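The values are calculated or read from the model by the stated rules, or taken from the named source; none is laboratory data. Bear in mind that the values here come from a model prediction, so they are computed numbers and not experimental data. Quick reminder, even Gly has a Cβ in these numbers, built from the backbone with ideal geometry, and neighbours come from all protein chains shown. Each accessible area value is taken on the protein alone, full model and side chains, heavy atoms only, with ligands, DNA and RNA left out. Shrake-Rupley method; radii C 1.70, N 1.55, O 1.52, S 1.80 Å.
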Amino acid sequence: MTTRQPELTVRPLRAEEWEPWYGTVDVAFGGTPEPPEERALWRELTEVERSLAICEGDRIVGGGGIFSLRLAVPGGAVLPVAGVTMVGVLPTHRRRGALTALMRRQLDDVRAAGEAVAALTASEPAIYGRFGYGAATRKAAVSLLRGRVRVRVPEQRGEVVLRLADPVAELPRCEELYARLVAGRPGGLARRPGWEKVAVLDAPESRGGFSPLQCVLAEDAASGELLGYARYAVKGEFDERGAAGTVRVRAVQAEQPWVYARLWEFLLDLDLTVRVEAGSLPVDDPLLHLVSDVRHLTPRLVDALYVRLVDLPAALTARAYAAPVDVVLEVADAFCPWNAGRWRLTAAPGGPASCVRTGDPAELELDVRELGSVYLGGGSLAALAAAGLVREVRPGALEPAAAAFRSALEPWLPHGF
């Protein structure tokens, strides 16, 4: 005899439920407790009014939240975006439709809030495609051997002084520089107040043998203006051959190419180290062109941000296009059927875009997931067509559309959420 399981429901989270809610999500992700500093920061940043609890009766068995983010898109615009986060269900309550119900409620809420785009980072990439999320950015994890690779510094436009500084004390100046750079590359997150603390989060329990977070500033020798910065940590190790330390790079930011190169030159010349590791760089990062021997860079490409178009015409008209485009897209969207159907997208470089429903014959056919994949200008509609995920109905429609969606720089997510 089969016992009928209690119904799972999805409802808004109450402020006083944050601790059990977050503890449940912790268990869903493996049960390793976070250091108190990290837990306190995520409590501060949680938008309780945008968080949902999955319940069995009165007991919370899962949940998910949304951060109100601002995301850079091609053309330099920065859009409000729903940052989906902390999605998890207890292992005892999976395969009962809880995640689907949560995704349904979230996307309906996002639409009601007037946000055209939702985005997330996926613990398991296979999960979110069925809800219309497409892989929109990638990151390069790189490892460089000190002494085997040099950095070529382009012609300098001034004199720079490098100075070690307290990463927390200098955070306001570094944030001003970060904010100026956000719109220059699609995928950048414009940080709301409080989010700057994520950049210098440095709980001792999470260091894994590395030093406390270090910060080096690149300042103009004459004016003292901040031109760039790097945050990193060092693990001091020795073997039978001597020093074998590792530098772990958290962030390198600079407006001028020669300052950026100078910071990397510094990181690759720290005493008592043999290796420099960076876990997240753009896949077209300038470093790839500045190192003396790219074969010693050993990059590994990893998926990062997944994008979901919630209001398709609003999303497609909010970004710019690199080439003229006039194409009828037939979009399939089983989870958000208001997006499904034929849309005529027209735009010229530097001008406004239009996306309206049409009865004209389809020229390209694709799922909303593939539109999410190319929304930030990375990937290629042509490559997706070669994989059988986009179908060219009208011969000749694919190439100009693929060119229009591309961005001059590859999109990149600077940090998770």
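Is it the case that L316 is closer than 19 Å to V78 by Cβ and open to solvent by 10 Å² or more (accessible area, probe 1.4 Å)? No, not satisfied.
Does segment 31-39 include one or more residues that are closer than 22 Å to L201 by Cβ and at pLDDT 95 or above?
Looking only at segment 31-39, we keep the residues that are closer than 22 Å to L201 by Cβ, and these are 31-39.
Restricting the remaining residues to those that are at pLDDT 95 or above gives none.
Among the residues of segment 31-39, not one is closer than 22 Å to L201 by Cβ and at pLDDT 95 or above, which makes the answer no.
Just give me the residues in segment 164-187 being out of contact with any helix residue (DSSP H, G or I) (no Cβ under 8 Å at 6 or more places or on another chain) and hydrophobic (A, V, I, L, M, F, W, C), in sequence order. L164, A165, V168, A169, L177, A179, L181, V182, A183 - these are the residues of segment 164-187 that are out of contact with any helix residue (DSSP H, G or I) (no Cβ under 8 Å at 6 or more places or on another chain) and hydrophobic (A, V, I, L, M, F, W, C). When S280 is tested against (1) more than 23 Å from D109 (Cα to Cα); (2) open to solvent by less than 30 Å² (accessible area, probe 1.4 Å); (3) hydroxyl-bearing (S, T, Y); (4) not in a loop (DSSP other than H, G, I, E, B), just one condition goes unmet, and that condition is (2).
With the structure loaded, tell me whether A141 is open to solvent by 50 Å² or more (accessible area, probe 1.4 Å) and small (G, A, S) or whether it fails that test. Break it down into steps so the answer makes sense when it comes.
Working: open to solvent by 50 Å² or more (accessible area, probe 1.4 Å): no; small (G, A, S): yes.
Answer is no for this residue.
Given E330, E363, E370, which one is farther than 26 Å from L107 by Cα and acidic (D, E)? Within the list E330, E363, E370, the selection yields E363.
Taking the options A261, A243, name whichever one is small (G, A, S) and open to solvent by 10 Å² or more (accessible area, probe 1.4 Å). Answer to the selection: A243. Scanning segment 32-81 for residues that are more than 14 Å from P20 (Cβ to Cβ) and of a type in the set (D, E, K, R) returns E34, E37, E38, E44, E47, E49, R50, R70.
Exactly one residue out of G379, G372 is of a type outside the set (A, V, I, L, M, F, W, C), at pLDDT below 95, under 25 Å from P125 (Cα atoms) and open to solvent by less than 60 Å² (accessible area, probe 1.4 Å), and it is G379. Residues of segment 53-85 that are farther than 24 Å from G188 by Cβ, open to solvent by 10 Å² or more (accessible area, probe 1.4 Å) and hydrophobic (A, V, I, L, M, F, W, C): I60 alone.
G396 meets each of the listed conditions (1) at negative phi; (2) modelled with pLDDT of 95 or more apart from (1).
The strands (runs of 3 or more DSSP E) found wholly in segment 1-113 and carrying at least 1 residues that are charged (D, E, K, R) and over 26 Å from T137 (Cβ atoms) occupy 8-12, 52-56, 59-72.
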